[in-house]
Amino acid sequence: MKKLILFWLVLSVTINANDAIHTKFPIDLYGFVRMEASYDNTEVVKGDWLLYAQPGNTAYADQSIFTMNVRHSRLGIKISGPAIGQNGTVSGLIEVDFAGGFPNSSTAARQPQLRLRHAWVEINKPGWELRFGQDWALISGPFPNTTSFVVGAGKGNLWMRYPQMKYTLKKDVLKLAISVNRPMAGNIKYEDIAGGDFDPVGDGERSGLPWLMGRVWIDIGKKSVSLSGHYGQEQIADLAGLGHAKTSYSINVDFVLETGPITWTVRGFTGENLNSFFGGVFQGYSSNGSSVTNVPSKGGWGQAVYTLNDYWSFTLGSGLDDPDDNVLSGNARTKNTWFFGNVALNYSNSLIFMLEAEYLKTGYLSAKDGENLRLQFVTYLKF
């Protein structure tokens with residue numbers, strides 16, 4: 001809460017009576033206010049973040065849920081820095097929302113904590129750019145046009161933001177990017193605090209090596225295709241505390257095509273140990289106590305967005321994340337199957353209303369499949 005108060009205080013003192021913001025370099029504020037209301041016919045993991053359904057033979061399957069929140073509202077600052085040479089520029093960006101960890105109280109939903117999304121500085125030349133900071137992992141995007149805040153996480157869409165150094169080469173219809181990333185493995189559960197450490201060292205950092213990512217884009221008219229991937233290592237401990245060096249990798253391909261009023265998007269992936277990017281239905285490895293085995297997984301998602309006019313649009317889509325059952329054990333999750341559809345009303349690209357229905361089915365190795373139907377209403381005011 002102190003960080004939130006400090007952030008708004010810094011903003012307020014930079015604004016004078018004429019509402020002009022004065023800094024060393026020109027800046028622009030942007031963001032949106034977002035309110036969402038959701039009804040689930042079962043209790044899912046994890047609350048507002050629709051990650052996977054609970055087993056069908058538990059009490060959760062008979063428990064309906066209604067929630068509302070505004071913590072996914074967003075605020076960003078774009079910074080225009082100095083020129084470099086005759087045709088180079090420097091820019092920066094800081095972007096936050098309020099979806100951070102929550103105070104331990106029954107009123108957590110209305111007093112969330114500030115969360116850093118993006119923070120980077122970029123050197124831009126006509127044929128290339130260098131970016132240093134926290135940004136989308138190169139295997140991220142495009143994203144489903146869904147009201148779901150986790151945008152297909154665990155349901156066929158791999159993504160994450162990472163501290164990184166990234167170089168992008170730009171040549172007409174072709175772009176090629178490579179990045180060196182902090183190896184932040186996703187093996188610490190969301191509710192864990194790693195012993196209270198401010199910046200915990202996990203299985204990825206213990207590898208002693210950065211994670212490498214790359215992507216190539218080709219854009220031709222109303223068609224675009226990209227191929228991306230990542231490679232990294234983790235040092236995963238078994239129950240006896242002995243470390244096992246394990247690889248994490250992915251290969252991803254996506255295709256976007258505009259045909260009149262309809263935009264088609266298809267994205268697929270394959271890889272191993274993908275929980276750092278919400279793959280494998282949030283399962284990166286399997287352990288029997290003395291050995292550690294990577295969980296291979298494959299899947300993807302697709303959608304069609306029909307734009308009727310400047311005001312109305314409609315989306316239908318689905319996704320799948322399918323881990324390899326042969327390496328799973330216990331009550332592991334074997335598959336996430338996802339269907340979604342929404343209608344959006346857009347006033348001047350500023351005031352937006354969306355109504356969406358989502359169906360999620362989660363398979364289990366030794367339990368009854370779980371199912372959930374979510375109805376969600378979302379309001380945006382973009383600025």
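The values are calculated or read from the model by the stated rules, or taken from the named source; none is laboratory data. Only a predicted model underlies this, so the values are computations on that prediction, with no experimental measurement involved. Note: ideal-geometry Cβ built from the backbone for every residue, glycine included; neighbour counts use all protein chains shown.
Checking each residue of the range 143-151 against the condition of being over 19 Å from the mean Cα position of the chain (by Cα) and either modelled with pLDDT of 95 or more or not in a helix (DSSP H, G or I) (or both) gives no match. Set side by side, the residues 319, 299, 341 differ, and just one is out of contact with any helix residue (DSSP H, G or I) (no Cβ under 9 Å at 6 or more places or on another chain), under 27 Å from residue 73 (Cα atoms) and buried (at least 22 other Cβ atoms within 10 Å of the Cβ), which is 319.
Only a single criterion out of (1) modelled with pLDDT under 95; (2) over 28 Å from residue 275 (Cβ atoms) is not satisfied by residue 37, namely (1).
Does the range 316-328 contain at least one residue that is under 21 Å from residue 63 (Cα atoms) and either free of Cβ contacts under 8 Å to residues at least 24 places away in the same chain or in a strand (DSSP E or B) (or both)? No, the range 316-328 has no match at all. Counting only residues that are in a loop (DSSP other than H, G, I, E, B), in contact with a strand residue (DSSP E or B) (Cβ under 6 Å, 6 or more places away or on another chain) and surrounded by 15 or more Cβ atoms within 10 Å (Cβ to Cβ), the range 350-371 holds 1 of them. Return yes or no: is residue 111 among the polar types (S, T, N, Q) and surrounded by 15 or more Cβ atoms within 10 Å (Cβ to Cβ)? Answer is no for this residue. Looking across 249, 231, 285, one residue alone is under 17 Å from residue 324 (Cα atoms) and surrounded by fewer than 21 Cβ atoms within 10 Å (Cβ to Cβ). It is 249. Close contacts from the range 105-131, counting a first residue that is hydroxyl-bearing (Ser, Thr, Tyr) and a second that is surrounded by 13 or more Cβ atoms within 10 Å (Cβ to Cβ), with Cβ to Cβ under 8 Å and a gap of 6+ residues or different chains, come to 105/111.
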